[in-house]
Amino acid sequence: MNDEQEKDINNPIFFALINMPYDVPFVPTPEVVVRRMLQLANVRSGEVVYDLGCGDGRIVIMAAREFGARAACIEIRKDLYEQTLRRVKELGLEDRVKVIYGNFFEEDLSEADVVTMYLLTSVNERIRPKLERELRPGVRVVSHDFEVPGWKPLVVEDLYEEWRSHKIYLYKIPGLEIPIPVEDLERRIKAINLDEEHMKVLELINGNRSIEEISNKTQLTMRAIREIISDLMKQGLVKEIKVIK
Ligand SMILES: C[S@@+](CC[C@H](N)C(=O)[O-])C[C@H]1O[C@@H](n2cnc3c(N)ncnc32)[C@H](O)[C@@H]1O
């Protein structure tokens with residue numbers, strides 16, 4: 001047994017694992033903890049939240065209903081997948097919440113702005129290389145009770161709820177995405193009519209400023225900035241996005 005597995009044994013979730021064929025058993029995150037996780041991750045309207053292991057779908061449902069997010073979750077147990085899907089349909093959230101029947105080690109996570117997890121330290125350790133590979137710089141990862149070994153959290157919060165205390169770990173994927181304007185921007189821009197929002201973003205693109213900085217300056221989400229930059233690329237005003245991981 002390694003150090004990470006030993007840490008897991010001290011948590012109640014571990015006892016439900018005995019005789020379970022899956023990486024992690026189903027133990028739901030209490031709603032107050034879910035809400036706090038989504039608040040700490042600063043989920044904003046239009047952002048995409050991925051929950052690894054849906055359980056009963058409570059995280060993706062709250063992300064969509066209370067935070068205006070789009071959300072997806074991946075569940076390996078057919079009964080829980082079906083339960084979540086049923087609930088999502090009952091609430092009329094099918095166009096905002098995608099429920100995936102599968103293994104989160106095998107699904108593409110690159111669309112996420114925020115990833116939530118209630119797994120085990122040992123599972124977090126195994127999924128870490130995939131998160132580092134697939135998630136964009138600035139994506140927030142929030143984990144209930146179990147840390148991601150080798151990552152430095154931005155925030156660790158203790159939250160007391162009914163009968164026990166919970167820990168929430170907040171991480172951010174490091175790195176920068178820097179949009180590079182075309183060389184003859186001055187000349188090209190004269191021929192193009194841009195709306196106010198596109199103009200505001202274009203004015204902030206200088207070859208040094210990251211998408212995260214532009215997002216902070218404009219109060220638009222990084223996702224919205226990327227969409228605007230993609231339009232600007234199509235119009236021949238931005239050359240590329242340089243990614244520094
Ligand atoms: C501790 S529960 C957390 C459920 C929910 N995220 C929450 O916080 O309320 C972990 C969930 O992950 C699912 N799970 C375990 N291993 C998985 C895997 N490899 N791929 C997808 N789901 C998995 C389990 O069936 C269970 O529903």
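The values are calculated or read from the model by the stated rules, or taken from the named source; none is laboratory data. All values derive from a computational prediction rather than experimental measurement. All Cβ positions, glycine included, derive from the backbone under ideal geometry; neighbour counts span all protein chains shown. Quick note on the areas: whole protein, heavy atoms, side chains included, nothing else; ligands and nucleic acids left out. Shrake-Rupley method; radii C 1.70, N 1.55, O 1.52, S 1.80 Å.
In a simple Cβ point-charge model (Lys, Arg +1; Asp, Glu -1; nothing else charged), the range 3-172 has a dipole of about 420 debye relative to its Cα centre.
Think of the range 34-186 as a dipole: +1 on every Lys or Arg Cβ, -1 on every Asp or Glu Cβ, centred on the Cα centre; then among 60, 154, 120, 120 lies furthest on the positive end. Here the simple spin-label model places points 7 Å from the Cα toward Cβ, and for residue 209 and residue 101 these points are separated by 4.8 nm.
Helical content of the chain, expressed as a calculated mean residue ellipticity at 222 nm, amounts to -11000 deg cm²/dmol (DSSP H runs of 4 or more residues, -39,500 (n - 2.57) each, divided by residue number, nearest 500).
For the pair residue 78 and residue 242 in one chain, pulling the backbone fully straight at 0.36 nm per residue adds 55.0 nm over the alpha carbon distance.
Taking label points 7 Å from Cα along the Cα-to-Cβ direction, residue 192 and residue 235 give a separation of 0.5 nm.
Probe radius 1.4 Å, ligands and nucleic acids ignored: give me the carbon and sulfur share of the accessible area of the range 61-114 as a rounded percent. Each step should come with its number before you reach the end.
Values: 1140 of 2760 Å².
Its accessible area is 41 percent carbon and sulfur atoms.
Counting Lys and Arg as +1 and Asp and Glu as -1, what is the net charge of the other residues whose Cβ lies under 12 Å from the Cβ of residue 160? Computed value for this residue: -1. Close amide H contacts of residue 166 (hydrogens built in the peptide plane, cut-off under 5 Å, sequence separation of 5 or more or a different chain): 159, 160, 161. Once the C-beta distance of residue 216 and residue 108 is scaled by a Förster radius of 35 Å, the resulting FRET efficiency is 0.80 to the nearest 0.05.
Any chance you could tell me what percent of the C-alpha pair distances in the chain go past 24 Å? The partial results should precede the final answer.
Values: 15076 of 29890 pairs.
Cα-Cα pairs in the chain separated by more than 24 Å: 50 percent.
Give the relative contact order (percent, whole number) for the chain; include only Cα pairs under 8 Å separated by 6+ residues. Before the final figure, lay out the partial values.
On the way: 421 pairs, mean separation 37.6, N = 245.
Reported relative contact order: 15 percent.
Taken along the Cα-to-beta-carbon direction at a fixed 7 Å, the label points for residue 156 and residue 90 span 3.8 nm.
So for the chain: antiparallel DSSP bridges make up what percent, rounded to the nearest 5? Write out the running numbers ahead of the final one.
Details: 18 of 36 bridges.
If we restrict to bridges inside the chain, about 50 percent are antiparallel.
Return the carbon/sulfur percentage of the accessible area of the range 156-225, one whole number, probe 1.4 Å, all protein chains in place. Ligands and nucleic acids excluded, carbon and sulfur reach 46 percent. GNM on the chain, alpha-carbon springs under 10 angstrom: the most fluctuating residue among 199, 222, 37 is 199. Pull out a ≥ b ≥ c, the square roots of the eigenvalues of the alpha-carbon gyration tensor of the range 190-245, then state rounded if a/c is under 1.5, prolate if not and a/b is larger than b/c, and oblate in the remaining case. Here the range 190-245 falls in the oblate category. Within the listed set 157, 107, 90, the residue fluctuating most in the Gaussian network model of the chain (springs between alpha-carbon atoms under 10 angstrom) is 90.
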